[in-house]
Amino acid sequence: MAIVTDTQNADELEVSAERTRWLRYLLRDKRAMVGFVILGIFVSMAILAPLIAPYDPNAQAFDMMEGLSWAHPLGTDDLGRDLLSRLIYGTQISLFVGISTVAMALVLGVFLGVVAGYYGGFLDNIIMRYIDLQWAFPNFIIAVYLVAVFGTGLFNVIIAVSLAFIDDFARVARSMVLTIKEEQYIAAAKTVGASDARIMWLHILPNAAAPLIVVGTVSISYAILAEAGLSFLGLGVNPSTPTWGLILADGRSFISRAWWIGVFPGLFIMLTVLSINFVGDALRDVLDVRETRSGGSN
C-alpha cells in the first residue's frame, strides 16, 4: 500500500513539475503573451458584447459616415450604424465560426486519418485518395464551391469551411497513427484482447494529440479568414448580420470618403489572426519540448 502511495505521489509531482515548466516556457515567450492578451480581449468582447456595445449594431439612427468622435469612437457606416458596436458583435460571429468549424473538421478529419492509418490496405487507399484529391485544391476554393451548393447562411458556411479543412487533420492524424501503432504498448494492448476502438481511443489518440492541437489552433485563424472572405464576396451570412467580412465589403466602396469603415474591420481581422498564430507557434514549441523530454526519459 505504501509503495502504491509513493508511486502516486511521484507521478503527481512529475505532472506538477511538467506544468510548471510549461507555464515558465510560455511566460518567457513574449509573442505568446501578446497573443494571449489580444486573444483574451477579443474573447471577452465576444462574451460581453451585449454589455459593452454602446448601441444596437443594426440601429440606423445616426448620421451616415460620421467620422470618429466621442459618441462614435470608430465612426458610423454608410447606413448610419455605429461601427464599434457592429465590430464588437462581429467578434461573436467570427470566433464562433472559427471554433465550431475547426471542431467539426477535427472530429471528421481525425476519424478518417486514424481509421486509414490503423487499418491500412484498401481502406487506407480509398480514404487517402479522397484526401489527396481534396488536398489538390485550395481550401478557400472548396469552401466557395460548397457554399454555392449548400447556399448562404451561418450554418452552411460552418459546414462548408469545416469540410474544406478535413484534409489537414486527416493527413496529420494518419501520419501519427502510422508511427504510434508500431509501439510495444499497442502490441501489448492487442495481446490482452483490447478492441480496435479501445486501442484507437485510449492509446493512439492521446499520444497523437500534440500535433493535432497545434494544427487545430492555427486552423482557427484560417477559418476566420475563410468566413471573412466568403462574407466579403457575398457568400457568407445574412447581409443584416454584423460580421467583419461584410463590414469590410461595405467599406470598400467608401474608402476615399470614409476610410474607417474598411480599415477597422481589417484591423480586427489582422489582430485576431495574428494573435492566434502567436499562440499556435507557442503551443507547437512547448509541445515539441515536452515530447523531446518525454522521449529522452524513455
Cβ pairs under 6 Å, 6+ apart, first in the range 47-61 and closer than 9 Å to Tyr89 by Cα, second of a type in the set (S, T, N, Q) and at pLDDT 90 or above: Ala49/Gln92; Ala53/Ser85; Pro57/Ser85
Within the range 76-91, considering residues that are within 30 Å of the chain's Cα centre (by Cα) and small (Gly, Ala, Ser), the one surrounded by the most Cβ atoms within 10 Å (Cβ to Cβ): Gly90
Filter result for the condition that a residue is modelled with pLDDT under 85, closer than 30 Å to Thr241 by Cα and of a type outside the set (Ser, Thr, Tyr), over Ala61, Ala10: Ala61
Residue in the range 121-139 that is in a helix (DSSP H, G or I), farther than 28 Å from Lys181 by Cα and either among the acidic types (Asp, Glu) or at pLDDT below 90 (or both) present: yes
Candidates Met45, Met1, Met33 - the one that is modelled with pLDDT under 90 and within 22 Å of the chain's Cα centre (by Cα): Met33
Candidate set from the range 150-159 (those that are without any contact (Cβ under 8 Å) to a residue 40 or more places away in the chain and in a helix (DSSP H, G or I)); member that is surrounded by the most Cβ atoms within 10 Å (Cβ to Cβ): Asn156
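The values are calculated or read from the model by the stated rules, or taken from the named source; none is laboratory data. What you are looking at is a predicted structure, and each value in this text was computed from that prediction instead of being measured. Glycine also receives a Cβ, built like all others from the backbone with ideal geometry; neighbour counts cover every protein chain displayed.
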